[in-house]
Amino acid sequence: MLHYKSEDWYVGDVHPYYYDNKLYLFYLKPNGITRCDACFEDPTKVVCGNSVVAVTDNYCDYTETELNVPVVNIVKVGETFITKVGEGSCVESTDLLHWEKTDKFTLSLDRALFPAGSRDYALFYDDDLGGVRSTMLAYFTNEHWKEGRGLDCAVGISGVIPLEGEEQVPQKVLFPLNNKGKNLMKSPEPECNQMLKIGSRWYLLTSLARQTVHWVGPLSYWIGNENTPIDQDNFAHKKEYRLDGEDLSAAQVASFGDRFYKFGWIPMNYDGQEWGGHLNLPHEVYQLPNGELGCRLDPEYAKSIKKNEKSHEIFYNEYVQPFGRSIFVDVKKDFGIRTCLDLEKSEKAGLILDRAKGIAVVLDRATKQMRVVREDGNISFCFSSLELHDDVWSSTATIHAIYDDDIVEVFLNDRYTLCARTDSFNSGNTAGVFCDREIRWIRSYELTVPDSSYKISN
């Protein structure tokens, strides 16, 4: 598969970091431990046996190292890399592989403000204030945390943290969730939160847990005002946007030079009953003129995985319920397919990725969604979905899908991405395009791993 996982375990919550033309994927190992209980319950302990770093320079070959601490969002100070471990101390490294406890950037939770604890600390450099700060998932009430009750919480944020010593810095609520009185299933938690600056805007990103069947949640973001420091903005009253569907879980965005990429895990099961999965392909995140964020498959990587690309003749050869007028083409088992569709007057259009099983990508004007579904006459199931803007329906659309084993990744207009785990391995042989209007062109190709000449670079 193109989608990475260890030979021995799946990928949990991902914290990507680019350095020296390499991608370092720090992630939690789903080995029955889903969080560092020792770090959470005792801030003096820096122990965790379920953290791994996978390093690659080509998105194909990975070197794995198990770590003794959970490494999350990293800041580089001089020649030293630093990350924060729960409510306890920070740890530091000079090579990103070996970590030791440090007194730098010590930050204790303000218990008067957040009396019920915290987790998911994320260090970042605030260039408006000229220093390192941290966000965290902080709790106002946290009664019976392990049973998932009493989850009144917020994204909290610190002031600038002193480089040395234990001086307390002001902390405040950055983004409240207003969960007081709600039951567990209606109490979102902002997991894997981060602050990211792109251009002249700050962005708050987080996965809101317990909002979908997978619990971990898709990647949501809120847009800061132009040229406005974090503390002078009001993220609590801004519109929520999403960068992918519910099958890209606990994702984060990392900068590499002036480019940005998001990585998360695609659940190991289509119904979301387990924690962890496969890593997604490299998605480049970029800023649109209005401040919104677009996503696309990394262009250089897209070229590197194509083999035996073919162009197909345009003629309708079948009408297939519930999809409509369709064109079918022969494909290999693991394949990519691209098409250009006229959506201006279409109600539904998209790709049939496995004819026998009814697995398809549907663009639906009525719901304003892109969905990965299974519709075979007996089963009707949506694996993952994403809301689309109205302008998608005003002209033509280019849709690109990669079907790798039982994982689908969809790319629309180089602006939207949608990942999904399906309930069956693709059988290949027959894929299709459906549209009640014009189909401009169709191209398919076999998937191949990048050759040895492909290297990550900025």
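The values are calculated or read from the model by the stated rules, or taken from the named source; none is laboratory data. Note that this is a predicted model, so its numbers are computed, not measured. Here the Cβ positions follow ideal geometry from the backbone for every residue, glycine too, while neighbour counts run over all protein chains shown.
Per-structure values
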{"read-out": "Residue in the stretch 169-192 that is farthest from GLY159 (Cα to Cα), counting only those that are in a loop (DSSP other than H, G, I, E, B) and hydrophobic (A, V, I, L, M, F, W, C)", "value": "LEU177"}
{"read-out": "Restricting the stretch 236-267 to residues that are among the charged types (D, E, K, R) and in a strand (DSSP E or B), the residue that is surrounded by the fewest Cβ atoms within 10 Å (Cβ to Cβ)", "value": "ARG259"}
{"read-out": "Some residue of the stretch 398-408 being among the hydrophobic types (A, V, I, L, M, F, W, C), closer than 25 Å to ILE266 by Cβ and in contact with an Asp or Glu (Cβ under 8 Å, 6 or more places away or on another chain)", "value": "yes"}
{"read-out": "Within the stretch 91-136, tally of residues that are among the small types (Gly, Ala, Ser) and assigned to a loop (DSSP other than H, G, I, E, B)", "value": "5"}
{"read-out": "Residue under evaluation LEU418, criteria (1) under 22 Å from TYR286 (Cα atoms); (2) free of Cβ contacts under 8 Å to residues at least 12 places away in the same chain, criterion not met", "value": "(2)"}
{"read-out": "Residues of the stretch 206-224 classified as of a type in the set (A, V, I, L, M), without any contact (Cβ under 8 Å) to a residue 60 or more places away in the chain and not in a loop (DSSP other than H, G, I, E, B), total", "value": "3"}
{"read-out": "Among the residues listed as ARG443, ARG437, the single one being at pLDDT 95 or above, surrounded by fewer than 19 Cβ atoms within 10 Å (Cβ to Cβ) and touching a Ser or Thr at 6+ places or on another chain (Cβ under 9 Å)", "value": "ARG443"}
{"read-out": "Unmet requirement for ILE327, which otherwise passes all of (1) at pLDDT 95 or above; (2) over 29 Å from GLU246 (Cβ atoms); (3) surrounded by 16 or more Cβ atoms within 10 Å (Cβ to Cβ)", "value": "(1)"}
{"read-out": "PRO289, sole failed condition from (1) outside the structural domain of ARG415 (by TED's automatic domain parsing); (2) of a type outside the set (Phe, Trp, Tyr); (3) in contact (Cβ under 8 Å) with a residue 40 or more places away in the chain", "value": "(3)"}
{"read-out": "Pairs with Cβ under 8 Å, 6+ apart, first in the stretch 440-458 and under 21 Å from PHE256 (Cα atoms), second part of a strand (DSSP E or B)", "value": "ILE456/TYR18; ILE456/LYS22; ILE456/LEU23; ILE456/THR56; ILE456/PHE256; ASN458/TYR18; ASN458/PHE256; ASN458/ARG259"}
{"read-out": "Failed criterion for ASN227 (all others in (1) of a type outside the set (A, V, I, L, M); (2) part of a loop (DSSP other than H, G, I, E, B); (3) in contact (Cβ under 8 Å) with a residue 40 or more places away in the chain hold)", "value": "(3)"}
{"read-out": "Residue that is nearest to PHE105 (Cα to Cα), among those in the stretch 157-176 that are among the β-branched types (Val, Ile, Thr) and either within 27 Å of the chain's Cα centre (by Cα) or loosely packed, with under 14 Cβ neighbours inside 10 Å (or both)", "value": "ILE157"}
{"read-out": "Condition met for ARG421 (in contact with a His (Cβ under 9 Å, 6 or more places away or on another chain), surrounded by 20 or more Cβ atoms within 10 Å (Cβ to Cβ) and not hydrophobic (A, V, I, L, M, F, W, C))", "value": "yes"}
{"read-out": "For VAL408: the one exception among (1) farther than 30 Å from ASN290 by Cα; (2) in contact with a Cys (Cβ under 9 Å, 6 or more places away or on another chain); (3) buried (at least 23 other Cβ atoms within 10 Å of the Cβ)", "value": "(1)"}
{"read-out": "Any chance VAL449 is of a type in the set (A, V, I, L, M), out of contact with any strand residue (DSSP E or B) (no Cβ under 6 Å at 6 or more places or on another chain) and over 24 Å from LYS368 (Cβ atoms)", "value": "yes"}
